[in-house]
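A.B. asks: The structure's right below; bear with me while I get my questions together.
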Amino acid sequence: MTNNEPANYFDFRKTLSKNKLAGMLRMMTGYRMTYLAANATLAISATAKTLTYLLLRNFADTVVGNTVPFAGSFSRTLILIALGFVGLAMVEGGFAYLSSRMASYSAENITRRLRNFLFDQIQRLSFAYHSKTPTGDLIERVTSDVDSVRAFFNDQAIGVGRIILLFIINFIAIWILSWKLALVSIVAVPVIVLVSMWFFKKVTKAYEAYQEQEAKLTTTLQENLTGVRVVKAFARQNYEIDKFETDNWGKFLRGRTLVKMQSFFWPLSDLLCGFQMLAGFIYAGILAVHGEITIGTYPAYVGLVVWLIWPMRNLGRIIVNTSTGLVSYDRLMEIVKQEREPLTTGTAKVNGPVRGDIIFEKVSFQYEDGGSEVLKEVSFHIHPGQVVALLGSTGSGKTTLVNLLPRFHEYTDGHILLDGQELKEYPREFLRKQIGIVEQEPFLFSRSIRENITYGVGHNVSQEEIEKAARAAAIHEVILSFPEGYNTLVGEKGVTLSGGQKQRVAVARTLLKDPRILILDDSTSSVDTETESEIRNALNGLMGNRTTFIIAHRIQSVMKADLILVMDKGCVIQMGRHEELVEQEGMYRQIYDIQTRIDEELEEEIASA
Ligand code: DUT
Ligand code: MG
């Protein structure tokens, strides 16, 4: 296998099944023949082992009884038997090796494509799913649960076959020795199987609880790593440590329950197996004394019965691991069965880029998790190339409003028309290519600054274009001041950017994408007034004929907009140009008055100082 082998894609949605075992079997698609071959080689290996004991009988009878089972001299017979032992051992070992190789090859491949699929699937789920699913829980599923599914394919998928094979082959071999002995050797087997089944049910429940608790622990850990600054700033380490310890204690308790169950089950099953073997040994002794079996049969039987009972003893282990595999399968299928966000479907006629004419008609919106309406009958019209500014108190629905445009969420009522066509009819992917968003809290990857800026467009961009975007975002000079310029890594392994620098890199990233519709959600909130006006000037040149949404808190940033929407509690309470709005009584004038007063006071202070 080379490192560059393409992702072997397999659609695991096809494996969904009410019956978990059937689902697991479907997951093996493409590798079932390998598993069959693994079982066949295992059968050869097991048969060789069993034959060894039959040969042992001949050997013992030859030596003890001084009889010659095959034609020829005594010593020749011994040599033949010795060669037989060596040959059988080689067959047994060689085929066992082949078998486990095939099983682990398949297991690794199945889990590799499972992991690929899960990543793919998680990327394609809706915003609503991601906002309600804890990251730690997803991480837990993609790592720990995938691993126990891997263990299932590596061991149990082949182990079940091994148990059945060993049981049948050894049973037949004992039957060849003596049918009475064979029957006595399995009297306890039904009891062992029943006990194992009962144990299976118990352990499944216990393991589910254990995995859930582990996911909780991972979530706590992940959140604390992400929010470590908050924890430190509020000096809440002790509180968080206590919380973690409580969760960890919960995991310990659940783990202890599991171990307790096992430590009860193992001795019980050992005891049952012990009784079974003892019964066989005694009965075989009686038969030997009465001359119903040869002396050589006795040691052969002792060897064989161990391999008849071994699968029974292992039934428990297989059962525990199978149940953990099945629980994990279930937990993974919860991700697999999530509806994907359709990206490319839509009936809108699109040829080329959009113009950017946007009409909101009594648009209302409510988040998927219920709650009250976040947008209430919002209506406005904006022409291609115009700039609309959104101003309003926090929580008034500004971010929500702009997030409707790329169809991150679906508006619940009213109409949004883009170039005259209903927005819901556009394919999401198309919209997202046309719309550039600088998010309120932009996220940068732990990659180089260049990779972050070119994120939306791929690698085939010239340095010139990158720099042009960076200049417009007033970040070019800052980047050059870093030791490795555009190749400087961002985040854990590289420089830590300030909030304002991050925002500006995000602005550059969006500008480079050259979208027809530009959304700047509070994108200049973390930069000083001077830098802001620098960005604004550069943007003015770049906005050109793009339709632009600006969300801002400073009147200065929205003054030049073609349309200003003043929002409060999901409603547009005032609408118009700056000149009109300052004339009106209302929130806009209040904000304007406060901000100009603060500015004047500041200037006076500076002047007097
Ligand atoms: N809200 C949700 N679910 C979400 C996001 C927001 O219920 O996933 C709620 C919170 C708030 C309302 O919607 O009550 C509006 O939030 P939004 O983020 O749109 O407010 P904003 O105007 O952008 O506020 P800010 O100025 O603080 O960014
Ligand atoms: Mg917001």
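The values are calculated or read from the model by the stated rules, or taken from the named source; none is laboratory data. Note that the structure is a prediction, hence the values are computed from the model and not measured. In this analysis, Cβ positions are derived from the backbone assuming ideal geometry, glycine residues included, and neighbour counts consider all displayed protein chains. Note: accessible area is taken over every heavy atom of the protein model, side chains too, but ligands, DNA and RNA are not part of it. Shrake-Rupley method; radii C 1.70, N 1.55, O 1.52, S 1.80 Å.
A.B. asks: What is the Cα convex hull volume of the range 404-489 when expressed per residue in Å³?
C.D. replies: Taking only Cα atoms, the range 404-489 has a hull volume of 132 Å³ per residue.
A.B. asks: Tell me, what is the percent relative contact order of the range 21-336, built from C-alpha pairs under 8 Å that lie six or more residues apart?
C.D. replies: Relative contact order of the range 21-336: 31 percent.
A.B. asks: Between 0 and 90 degrees, rounded to the nearest ten: what's the tilt of helix 529-543 against the longest Cα principal axis of the chain?
C.D. replies: 90
A.B. asks: From the mean inverse distance of alpha carbon pairs (Kirkwood) and the Cα radius of gyration, derive Rg over Rh for the range 329-390.
C.D. replies: Rg divided by Rh gives 1.13.
A.B. asks: Further question: How large a share of the accessible area of the chain, in percent, is made up of carbon and sulfur atoms when the probe is 1.4 Å and the other protein chains stay in place?
C.D. replies: Details: 18410 of 31540 Å².
Carbon plus sulfur share of accessible area: 58 percent.
A.B. asks: Now, a different point. Put one equal scatterer on each alpha carbon of the range 460-517, apply the Debye formula with no solvent term, and list log10 I(q)/I(0) at q = 0.14, 0.21, 0.24 1/Å to two decimals.
C.D. replies: -0.37, -0.81, -1.02
A.B. asks: Can you pull the semi-axes for the range 21-336, root of five times each eigenvalue of the Cα gyration tensor, sorted largest first, whole Å?
C.D. replies: Ellipsoid half-lengths, sorted descending, are 51, 23, 15 Å.
A.B. asks: Quick one: compute the contact order of the chain, relative version, from alpha carbon pairs under 8 angstrom and 6+ residues apart, as a percent. Before the final figure, lay out each step's value.
C.D. replies: On the way: 838 pairs, mean separation 84.0, N = 609.
That works out to 14 percent.
A.B. asks: Using the Karplus equation 6.51 cos²θ - 1.76 cosθ + 1.60 (θ = phi - 60°), what ³J(HN,Hα) coupling, rounded to whole Hz, does each residue of the range 453-468 give in order, writing x for Gly and Pro?
C.D. replies: Along the range 453-468, the couplings run 6, 8, 3, x, 10, x, 8, 7, 10, 6, 4, 4, 5, 4, 5, 4 Hz.
A.B. asks: Follow-up question, since we're still on this one. Students often forget the sequence filter, so: which aspartates and glutamates lie under 19 Å Cα-Cα from LYS362 once same-chain residues fewer than 8 apart are removed?
C.D. replies: By straight Cα distance, LYS362 reaches GLU373, GLU377, GLU410, ASP413, ASP419, GLU422, GLU425, ASP568.
A.B. asks: Count the lysine pairs in the range 21-336 whose Cα atoms lie under 23 Å apart, taking only pairs 8 or more positions apart in sequence or on different chains.
C.D. replies: 18
A.B. asks: Now for a separate question. Using a 1.4 angstrom probe with every protein chain in place, what is the largest-first accessible-area order of ILE359, ILE172, ILE606?
C.D. replies: Result, largest first: ILE606, ILE172, ILE359.
A.B. asks: For GLU339 and GLU580 in one chain, what is 0.36 nm times their gap in residues minus the Cα-Cα distance, to one decimal in nm?
C.D. replies: Working it through step by step, the gained length comes to 82.1 nm.
A.B. asks: Another question, then. State, to one decimal in nm, how far the label point of VAL306 lies from the label point of TRP198, with both points 7 Å from Cα in the Cβ direction.
C.D. replies: According to this spin-label approximation, the distance is 3.0 nm.
A.B. asks: So what's the angle, to the nearest 10 degrees on a 0 to 90 scale, between helix 189-226 and the longest Cα principal axis of the chain?
C.D. replies: Value to nearest ten degrees: 30.
A.B. asks: Would you kindly give the portion of the calculated P(r) for the range 382-440 that falls above 16 Å, as a percent of all Cα pairs?
C.D. replies: Across the range 382-440, Cα pairs with separations above 16 Å total 49 percent.
A.B. asks: When the chain is fully extended, how far beyond the present Cα-Cα distance does ARG554 get from ASP147, taking 0.36 nm per residue of separation? The partial results should precede the final answer.
C.D. replies: Details: separation 407, 0.36 × 407 = 146.52 nm, distance 5.18 nm.
Extra length available between ARG554 and ASP147 comes to 141.3 nm.
A.B. asks: If you scale each eigenvalue of the Cα gyration tensor by 5 and take the root, what three semi-axes come out for the range 349-467, rounded to whole angstrom and sorted largest first? Present the calculation step by step, with values, prior to reporting the outcome.
C.D. replies: Numbers: eigenvalues 161, 72, 37 Å².
Values for the range 349-467, descending: 28, 19, 14 Å.
A.B. asks: In angstroms, what radius of gyration and Dmax does the range 283-369 have, counting Cα atoms only?
C.D. replies: 34.6, 102
A.B. asks: For the chain, build the convex hull from the C-alpha positions and give me its volume per residue in Å³. Can you show the working numbers first?
C.D. replies: On the way: hull volume 135.5 nm³, N = 609.
About 222 Å³ per residue, rounded to a whole number.
A.B. asks: Also, I was wondering about something else. Starting from the coordinates of the alpha-carbon atoms of the range 156-263, obtain the Kirkwood hydrodynamic radius over all distinct pairs and give the value in Å to one decimal. Could you put the intermediate results ahead of the total?
C.D. replies: Details: mean 1/r = 0.0552 Å⁻¹.
Taking every pair of different Cα atoms in the range 156-263, averaging 1/r and inverting gives 18.1 Å.
A.B. asks: In terms of Cα to Cα distance under 18 Å, which aspartates and glutamates are near enough to LYS493, apart from those fewer than 8 places away along the same chain?
C.D. replies: GLU451, GLU484
A.B. asks: Could I ask something else about it? How tilted is helix 157-177 with respect to the longest principal axis of the chain? Cα atoms for both, answer in degrees (0 to 90, nearest 10).
C.D. replies: Helix 157-177 sits at roughly 10 degrees to that axis.
A.B. asks: Under a point spin-label approximation (7 Å from Cα along Cα-to-Cβ), what is the THR596-ILE573 distance to one decimal in nm?
C.D. replies: 2.0
A.B. asks: Run the Debye formula on the Cα coordinates of the range 81-184, all scatterers equal and no solvent, and tell me log10 I(q)/I(0) at q = 0.12, 0.15, 0.18, 0.21 1/Å.
C.D. replies: Evaluating at q = 0.12, 0.15, 0.18, 0.21 Å⁻¹ gives log10 I(q)/I(0) of -0.65, -0.81, -0.97, -1.11.
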